[in-house]
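One structure is given here, and the rest of the page talks about it.
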Amino acid sequence: MIISASYKTDIPTFYGEWFMNRLRAGYCKMVNPYNRHVYRVSLDRADVEGFVFWSTNVGPFVRHLDEVRNLGFPFVIQHTINGYPRALETSVVDGERSIKNATTIRDRFGARVLVWRYDTIVFSSLSPYGFHVENFARLAGALRGATDEVVISFAHVYRKTKRNLDDASRAVGFDWWDPSDEEKRRLTLQLAGIAHGNGMQLSVCSQPSLIVPGATEGRCVDARRLEEIAGSRFATPLKGNRKECGCFESRDIGEYYTCPHGCVYCYAVQNRAVALERYHQHDPTSEFLFEPTGPVNADSGLDDAEERQREQLPLFPGR
């Protein structure tokens, strides 16, 4: 089993201490939001093939990565570096610091460990087509040699995403729009050329209609990359989280509505104030990333695979 930590929230930036406590304990607990069963996710080395960490600021977590490796776990870091204006990413660390963190990861763990994400691509009066070309080229040049892959995706305009973008545009004073697929493909083609020129393969996450010559399907949870890092073969099947997803099967241990970064394009947080409040309430010594509120059913006694088979969880609830 591959553990994802986490596409729902930024565990390396905000919840690294909790993660390490649970890794040393060998498990964490989660609550199925539908039947309210408490169940256990093993983090034991015998059960976990490797980790995929997702972050926009891996800096606070770097000090833990040696222990993760020394415990025998291979890992990949999906690291978002967008270099966007503050109006779009309220509290994300600046791109220059992220680039330094990426080179630190390369120097300590190798260039295959870190995957750059230029994600999510938002078209706005602050970030029009030309901005993305110039910004991507600048970042790709700075990250040359630190990674061999960059993942992109264009904003999925779900209800909550639209609401957040509308609120931010009114508050700050900018316009945003969802461009045509033709324009998205044109930009993808241009970015793919820039990526190749800097020694990177460009892949497209969960948007197969936007794959162009020179780009490939994204596998953000990539068992093959983890196998290369680990030096062993995995039994993990190719089984994405939804129809368009090209990932290998994994188990995510994060929770929605808990990341206080404040990115206006984020699908996982509807209200940053709520996320901030939950972050301040977080207990790093708990078995749960967040202690469940309201009634829960007693521990079902099921392991993670059995619980998921009983009640399949959606990837993006409440869209």
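The values are calculated or read from the model by the stated rules, or taken from the named source; none is laboratory data. Remember, predicted model here, so these are calculated numbers, not experimental data. Methodologically, a virtual Cβ is constructed for each residue, glycine included, from the backbone with ideal geometry; neighbour enumeration extends over all protein chains shown.
Answer yes if at least one residue in the stretch 35-44 is over 19 Å from Phe290 (Cα atoms) and either out of contact with any Ser or Thr (no Cβ under 7 Å at 6 or more places or on another chain) or at pLDDT below 95 (or both), and no otherwise. So that I can check it myself, show each step before the final result.
Step one: list which residues in the stretch 35-44 are over 19 Å from Phe290 (Cα atoms), which gives 44.
This time we only want the ones that are either out of contact with any Ser or Thr (no Cβ under 7 Å at 6 or more places or on another chain) or at pLDDT below 95 (or both), so: 44.
Checking the stretch 35-44: at least one residue is over 19 Å from Phe290 (Cα atoms) and either out of contact with any Ser or Thr (no Cβ under 7 Å at 6 or more places or on another chain) or at pLDDT below 95 (or both).
Starting from residues that are in contact (Cβ under 8 Å) with a residue 12 or more places away in the chain, among the hydrophobic types (A, V, I, L, M, F, W, C) and part of a loop (DSSP other than H, G, I, E, B), keep the ones in the stretch 27-60 and report whichever is farthest from Phe73 (Cα to Cα). Don't jump to the end; show me each part of the working.
Step one: list which residues in the stretch 27-60 are in contact (Cβ under 8 Å) with a residue 12 or more places away in the chain, which gives 27-45, 47-60.
Then keep just the ones that are among the hydrophobic types (A, V, I, L, M, F, W, C); that gives 28, 30-31, 38, 41, 43, 48, 51-54, 58.
From what's left, part of a loop (DSSP other than H, G, I, E, B): 43, 48, 58.
On the way: Leu43: 10, Val48: 8, Val58: 17 Å.
Looking at residues that are in contact (Cβ under 8 Å) with a residue 12 or more places away in the chain, among the hydrophobic types (A, V, I, L, M, F, W, C) and part of a loop (DSSP other than H, G, I, E, B), I get Val58.
In the stretch 136-179, which residue that is touching a helix residue (DSSP H, G or I) at 6+ places or on another chain (Cβ under 9 Å) and polar (S, T, N, Q) is surrounded by the fewest Cβ atoms within 10 Å (Cβ to Cβ)?
In this case the residue turns out to be Ser153.
Among all residue pairs at least 6 apart or on different chains, which show Cβ distances below 7 Å where the first residue, located in the stretch 225-246, is closer than 21 Å to Leu114 by Cα and the second is in a loop (DSSP other than H, G, I, E, B) and of a type in the set (A, V, I, L, M)?
Listed pairs, sorted by first residue: Ile229/Val113.
With respect to the numbered conditions (1) at pLDDT 75 or above; (2) closer than 25 Å to Pro237 by Cβ, which one is the sole condition not fulfilled by Leu315?
With respect to (1) at pLDDT 75 or above; (2) closer than 25 Å to Pro237 by Cβ, Leu315 is out only on (1).
Can you name the residue in the stretch 1-28 that is small (Gly, Ala, Ser) and over 12 Å from Leu43 (Cα atoms) and is also modelled with the highest pLDDT among such residues? Step through it out loud before you land on a result.
So in the stretch 1-28, the residues small (Gly, Ala, Ser) come out as 4-6, 16, 25-26.
Imposing the further condition that a residue be over 12 Å from Leu43 (Cα atoms) reduces the set to 6, 16.
Numbers: Ser6: 94, Gly16: 97.
This residue is Gly16.
How many residues, within the stretch 35-58, are buried (at least 19 other Cβ atoms within 10 Å of the Cβ), within 21 Å of the chain's Cα centre (by Cα) and not hydrophobic (A, V, I, L, M, F, W, C)?
Initially, the stretch 35-58 is screened for residues buried (at least 19 other Cβ atoms within 10 Å of the Cβ), giving 37-39, 41, 43, 48-58.
Checking which are within 21 Å of the chain's Cα centre (by Cα) leaves us with 41, 43, 48-58.
Checking the rest, the ones that are also not hydrophobic (A, V, I, L, M, F, W, C) come to 49-50, 55-57.
Going through the stretch 35-58 one residue at a time, the tally reaches 5.
I'd like the full set of residues that are of a type in the set (Lys, Arg) and crowded, with 20+ Cβ neighbours inside 10 Å, limited to the stretch 106-122.
Arg117
Can you tell me which residue in the stretch 223-255 is modelled with the lowest pLDDT, limited to those that are part of a loop (DSSP other than H, G, I, E, B) and of a type in the set (A, V, I, L, M)? Before the answer, list the steps.
First, pick out the residues of the stretch 223-255 that are part of a loop (DSSP other than H, G, I, E, B): 231-237, 239-247, 249-250, 253-255.
With the extra rule that they be of a type in the set (A, V, I, L, M), the set shrinks to 235, 253.
On the way: Ala235: 76, Ile253: 97.
Restricting to residues being part of a loop (DSSP other than H, G, I, E, B) and of a type in the set (A, V, I, L, M), the top hit is Ala235.
What number of residues within the stretch 61-106 are in a loop (DSSP other than H, G, I, E, B), of a type outside the set (D, E, K, R) and either under 22 Å from Thr120 (Cβ atoms) or within 18 Å of the chain's Cα centre (by Cα) (or both)?
Count: 12.
Check off (1) more than 26 Å from Arg144 (Cβ to Cβ); (2) out of contact with any Ser or Thr (no Cβ under 7 Å at 6 or more places or on another chain); (3) surrounded by 21 or more Cβ atoms within 10 Å (Cβ to Cβ) for Gln78 and give me the number that stays unchecked.
(1)
Does Ala273 satisfy the condition of being more than 18 Å from the chain's Cα centre (by Cα), small (Gly, Ala, Ser) and at pLDDT 70 or above?
For Ala273, the condition - more than 18 Å from the chain's Cα centre (by Cα), small (Gly, Ala, Ser) and at pLDDT 70 or above - is met.
Conditions (1) farther than 24 Å from Ala268 by Cβ; (2) of a type in the set (Asp, Glu); (3) in contact with a helix residue (DSSP H, G or I) (Cβ under 8 Å, 6 or more places away or on another chain), marked per residue:
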{"site": "Ala215", "(1), (2), (3)": "yes, no, yes"}
{"site": "Asp222", "(1), (2), (3)": "no, yes, no"}
{"site": "Glu227", "(1), (2), (3)": "yes, yes, no"}
{"site": "Ala230", "(1), (2), (3)": "yes, no, no"}
{"site": "Ala235", "(1), (2), (3)": "yes, no, no"}
{"site": "Lys239", "(1), (2), (3)": "no, no, no"}
{"site": "Glu249", "(1), (2), (3)": "no, yes, no"}
{"site": "Glu255", "(1), (2), (3)": "no, yes, no"}
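Between a residue in the stretch 128-143 that is under 14 Å from Pro179 (Cα atoms) and any residue that is in a helix (DSSP H, G or I), which pairs come within a Cβ distance under 8 Å, given they are 6 or more apart or on different chains?
Tyr129/Glu183; Tyr129/Leu187; His132/Leu187; His132/Leu191
Would a scan of the stretch 90-105 turn up a residue that is within 24 Å of Val48 (Cα to Cα) and either surrounded by fewer than 20 Cβ atoms within 10 Å (Cβ to Cβ) or in contact (Cβ under 8 Å) with a residue 24 or more places away in the chain (or both)?
Yes; the residues of the stretch 90-105 include at least one that is within 24 Å of Val48 (Cα to Cα) and either surrounded by fewer than 20 Cβ atoms within 10 Å (Cβ to Cβ) or in contact (Cβ under 8 Å) with a residue 24 or more places away in the chain (or both).
Given the conditions (1) surrounded by 17 or more Cβ atoms within 10 Å (Cβ to Cβ); (2) modelled with pLDDT of 95 or more; (3) not aliphatic (A, V, I, L, M), report the number of the one that Asn32 does not fulfil.
(2)
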